[in-house]
Amino acid sequence: MIILYFKKDKQKHAIKVERGEELLIALDKFLKKNRIKYASIKNWQLEFFQEKSIISKRIAQSILHALKIAT
């Protein structure tokens, strides 16, 4: 399981996915549903729990790296 944490206006949010490939899709849906603008998000963090796939972990890390660069 992969968990992406981020803060927006002192509120901490978390998105949980099973595979790294699902992370960007889940983040997009969460932001649209909660009407959160991408530019207002700070402090991106990833956590891995019992992650068996190295590829899935690397995909999630690459997405996080791109998100940090873009903000």
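The values are calculated or read from the model by the stated rules, or taken from the named source; none is laboratory data. From a predicted model like this one, the values you see are computed outputs, not experimental measurements. Here the Cβ positions follow ideal geometry from the backbone for every residue, glycine too, while neighbour counts run over all protein chains shown.
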Item to complete: Output the residues belonging to region 28-58 that are assigned to a helix (DSSP H, G or I) and in contact (Cβ under 8 Å) with a residue 40 or more places away in the chain.
Response: 56, 57
Worksheet entry | Number of the exception - residue 57 against (1) under 14 Å from the mean Cα position of the chain (by Cα); (2) charged (D, E, K, R); (3) at pLDDT below 85; (4) within 15 Å of residue 1 (Cβ to Cβ) | (3)
Worksheet entry | Filtered residues of region 9-42 (kept if within 16 Å of residue 70 (Cα to Cα) and either in contact with a helix residue (DSSP H, G or I) (Cβ under 6 Å, 6 or more places away or on another chain) or charged (D, E, K, R) (or both)) | 24, 28, 37, 42
